[in-house]
1. What's the magnitude of the charge dipole for the chain around its Cα centre, counting Lys and Arg as +1 and Asp and Glu as -1 at the beta-carbon? Answer in Debye, nearest 20.
2. Using θ = phi - 60° and the Karplus relation 6.51 cos²θ - 1.76 cosθ + 1.60, list the HN-Hα couplings for the range 14-25 in order, rounded to whole Hz, with x at every Gly or Pro.
3. In a solvent-free Debye calculation with one equal scatterer on each Cα, what is log10 I(q)/I(0) for the chain at q = 0.26 Å⁻¹, listed in the order of the q values?
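Please treat every number below as a calculation from the coordinates, not as lab data. Being a predicted model, the structure only gives us computed values, none of them experimental. Here the Cβ is made from the backbone with ideal geometry for all residues, glycine too, and neighbour counts use every protein chain on show.
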Amino acid sequence: LADCHSMKLNNLEKILWSLEDMVYPVEIPPDIARRAKKSIDRMLEIV
């Protein structure tokens, strides 16, 4: 099993803090966002 040191630095408390305070926002170009949404919508249809 692969082991990623960077991923171990993340936890639910840090994710919540980031979302509540809008720290380190990620900006995605509109064309990429549209394609990503299409893929995510398809995945959710399966569930």
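1. 260
2. Per-residue couplings from phi come out as 5, 5, 4, 4, 5, 6, 5, 9, 6, 8, 6, x Hz.
3. -0.88
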